[in-house]
Ligand SMILES: Cc1cc2nc3c(=O)[nH]c(=O)nc-3n(C[C@H](O)[C@H](O)[C@H](O)COP(=O)(O)OP(=O)(O)OC[C@H]3O[C@@H](n4cnc5c(N)ncnc54)[C@H](O)[C@@H]3O)c2cc1C
């Protein structure tokens with residue numbers, strides 16, 4: 001028999017986003033909350049991120065991933081917020097019925113007053129990259145290798161090449177080096193890194209690991225076990241230049257080629273997704289297009305720092321509490337558009353007249369430009385930007401006054 005119960009707020013995912021949203025909702029007076037988490041512990045991806053660098057903005061301290069997550073876990077426990085571990089949500093319907101399963105209860109459903117989506121994201125696998133060659137062992141996503149090294153105590157290999165310079169790849173270049181491996185190169189297809197500047201400094205430059213920009217892996221060598229890779233420079237159209245081919249012997253290839261928000265449940269519920277972020281389209285309160293369903297953290301858009309994940313989750317948790325109490329106001333419908341230089345914004349629209357931070361990422365590296373927010377012909381905000389890079393999330397703060405003055409549309413652009 002399928003168990004069925006009701007709950008005011010269901011939070012899907014017990015990572016930093018889910019925990020912060022649940023805490024914010026409880027602090028806003030919601031008693032009946034349930035966090036559903038598929039892993040055996042709360043904490044999400046931070047459990048395997050044993051390096052420091054977390055929490056500088058939120059706590060003014062440098063914490064490791066597990067330390068950062070533990071602060072929230074302790075609070076969840078102190079507030080007595082119920083959570084189910086080893087419980088996977090397998091369905092979400094537009095009327096906010098959540099279907100989940102675990103060993104103890106089998107399949108069960110929860111009719112939720114509101115739902116917060118906080119499922120995080122997953123790494124882009126090799127299959128999606130179209131590299132020629134066989135499928136020898138020794139090829140991992142950087143996050144899988146991180147789990148092996150940091151949580152299971154296994155070393156994936158000794159001679160390493162990393163494809164992709166996202167933050168996980170950079171962190172793993174340092175981690176593998178500290179564990180005694182030789183990292184021959186980090187190859188990046190684009191002419192700039194996808195990671196944070198501080199990670200390039202601390203994870204590559206400090207260890208003399210070469211970063212090969214505008215380079216990619218074109219061939220994988222080896223039958224049973226990886227024996228080497230062919231690396232090529234790419235031209236302006238990102239096509240490999242055959243004459244630059246270089247063979248690098250290695251037994252391990254780590255892939256750090258992007259993260260994909262985990263939105264299968266979101267799609268199933270019929271929630272509209274943003275083509276660029278891969279996450280739900282949301283308003284300033286992080287409410288999706290289905291009333292009462294909110295989203296935050298990496299499931300919404302890939303964040304560079306967990307501090308911003310927590311900040312966003314507080315917004316989602318508070319908005320969910322307002323929705324449950326029947327106090328959520330929709331006062332306006334202001335769409336936010338971008339030029340090509342700004343790839344996306346979160347939120348994509350604003351429905352309340354209140355101070356709102358708009359997060360965005362740019363499409364390439366820009367120096368000495370201005371971030372300009374307009375409504376029609378009038379400039380609402382213009383701020384100088386010395387450097388903007390795709391790896392770093394940017395923000396503009398819109399005041400209630402600006403929103404009241406705008407004509408129903410806002411654009412964010414990068415200008416000279
Ligand atoms: C390798 C790596 C290094 C990083 N380094 C830094 C750093 O140095 N500094 C920094 O600030 N940030 C760093 N980050 C980013 C930071 O870890 C993330 O921004 C943050 O963990 C995202 O939180 P989240 O809760 O959105 O997602 P996650 O932490 O991924 O949590 C999502 C949770 O949802 C659960 N879940 C998913 N689907 C379901 C389902 N169907 N049912 C039930 N549960 C489900 C998952 O099991 C998971 O626990 C790093 C991230 C990675 C991957």
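Just for the stretch 163-183: of the residues that are in contact with a helix residue (DSSP H, G or I) (Cβ under 7 Å, 6 or more places away or on another chain) and over 18 Å from residue 390 (Cβ atoms), which one is surrounded by the fewest Cβ atoms within 10 Å (Cβ to Cβ)? Among those that are in contact with a helix residue (DSSP H, G or I) (Cβ under 7 Å, 6 or more places away or on another chain) and over 18 Å from residue 390 (Cβ atoms), it is 179. Regarding the stretch 346-356, can at least one residue be identified that is within 16 Å of the ligand (Cβ to nearest atom) and over 25 Å from residue 371 (Cα atoms)? No, that holds for no residue.
Of all residues in the stretch 213-227, count the ones that are in contact (Cβ under 8 Å) with a residue 60 or more places away in the chain and assigned to a strand (DSSP E or B).
Step one: list which residues in the stretch 213-227 are in contact (Cβ under 8 Å) with a residue 60 or more places away in the chain, which gives 217-227.
Restricting the remaining residues to those that are assigned to a strand (DSSP E or B) gives 217-221, 225.
Number of matching residues: 6.
Go through the stretch 56-84 and report how many residues are touching a residue at least 12 places away in the same chain (Cβ under 8 Å) and either under 19 Å from residue 34 (Cα atoms) or in contact with a strand residue (DSSP E or B) (Cβ under 8 Å, 6 or more places away or on another chain) (or both). Of the residues in the stretch 56-84, 16 are touching a residue at least 12 places away in the same chain (Cβ under 8 Å) and either under 19 Å from residue 34 (Cα atoms) or in contact with a strand residue (DSSP E or B) (Cβ under 8 Å, 6 or more places away or on another chain) (or both).
Selection within the stretch 53-69: residues that are on the phi > 0 side of the Ramachandran plot and surrounded by 14 or more Cβ atoms within 10 Å (Cβ to Cβ). The member of this set that is farthest from the ligand (Cβ to nearest atom) is 55.
The set of residues in the stretch 1-40 that are more than 12 Å from residue 84 (Cβ to Cβ) and either outside the structural domain of residue 95 (by TED's automatic domain parsing) or surrounded by fewer than 19 Cβ atoms within 10 Å (Cβ to Cβ) (or both) comprises 1, 2, 4, 6, 8, 27, 28, 29, 31, 32.
How many of the residues in the stretch 9-42 are more than 7 Å from the ligand (Cβ to nearest atom) and over 18 Å from residue 99 (Cα atoms)?
The qualifying residues number 16.
Note on the stretch 100-212: enclosed strands (runs of 3 or more DSSP E) holding 3 or more residues that are within 28 Å of residue 239 (Cα to Cα) and away from the ligand (no atom under 12 Å from the Cβ) are 159-163, 182-188.
You will find that of 98, 110, the residue that is at pLDDT 95 or above, within 21 Å of residue 279 (Cα to Cα), surrounded by 14 or more Cβ atoms within 10 Å (Cβ to Cβ) and in the same structural domain as residue 8 (by TED's automatic domain parsing) is 98 and no other.
Step by step: first the residues of the stretch 248-267, then only those that are surrounded by fewer than 18 Cβ atoms within 10 Å (Cβ to Cβ) and at pLDDT below 95, then the one that is nearest to residue 137 (Cα to Cα). Which residue is that? Taking the candidates together, the pick is 258. Does residue 298 satisfy the criteria of being without any contact (Cβ under 8 Å) to a residue 60 or more places away in the chain and either within 26 Å of residue 57 (Cβ to Cβ) or assigned by TED's automatic domain parsing to the domain that holds residue 175 (or both)? No.
Does residue 94 satisfy being closer than 24 Å to residue 260 by Cα, in a helix (DSSP H, G or I) and more than 8 Å from the ligand (Cβ to nearest atom)? Give the steps one after another, and end with the answer.
Numbers: closer than 24 Å to residue 260 by Cα: yes; in a helix (DSSP H, G or I): no; more than 8 Å from the ligand (Cβ to nearest atom): yes.
The answer is no for residue 94.
With respect to the stated conditions, residue 354 is in contact with a helix residue (DSSP H, G or I) (Cβ under 7 Å, 6 or more places away or on another chain) and not assigned by TED's automatic domain parsing to the domain that holds residue 295. Restrict the check to the stretch 305-326 and report whether at least one residue is closer than 20 Å to residue 388 by Cα, part of a loop (DSSP other than H, G, I, E, B) and at pLDDT 95 or above. The answer is no, given that none of the residues of the stretch 305-326 is closer than 20 Å to residue 388 by Cα, part of a loop (DSSP other than H, G, I, E, B) and at pLDDT 95 or above. The single residue among 282, 276 that is touching a strand residue (DSSP E or B) at 6+ places or on another chain (Cβ under 9 Å), in contact (Cβ under 8 Å) with a residue 12 or more places away in the chain, part of a loop (DSSP other than H, G, I, E, B) and surrounded by 20 or more Cβ atoms within 10 Å (Cβ to Cβ) turns out to be 282. Answer yes or no: is there a residue in the stretch 368-379 that is buried (at least 17 other Cβ atoms within 10 Å of the Cβ) and assigned to a loop (DSSP other than H, G, I, E, B). No - not one qualifying residue is present in the stretch 368-379.
Restricting attention to the stretch 285-304, report how many residues are part of a loop (DSSP other than H, G, I, E, B) and within 11 Å of the ligand (Cβ to nearest atom). Explain how you work it out, then say what you get.
As a first pass, look at the stretch 285-304 and keep what is part of a loop (DSSP other than H, G, I, E, B): 285-286, 288-292, 296, 300-304.
From what is left, the residues that are within 11 Å of the ligand (Cβ to nearest atom) are 296, 300-304.
Summing the residues that are part of a loop (DSSP other than H, G, I, E, B) and within 11 Å of the ligand (Cβ to nearest atom) in the stretch 285-304 gives 6.
The values are calculated or read from the model by the stated rules, or taken from the named source; none is laboratory data. It should be emphasised that the depicted structure is a prediction, and the values quoted were computed from it without experimental measurement. We place every Cβ from the backbone using ideal geometry, glycine too, and count neighbours over all the protein chains shown.
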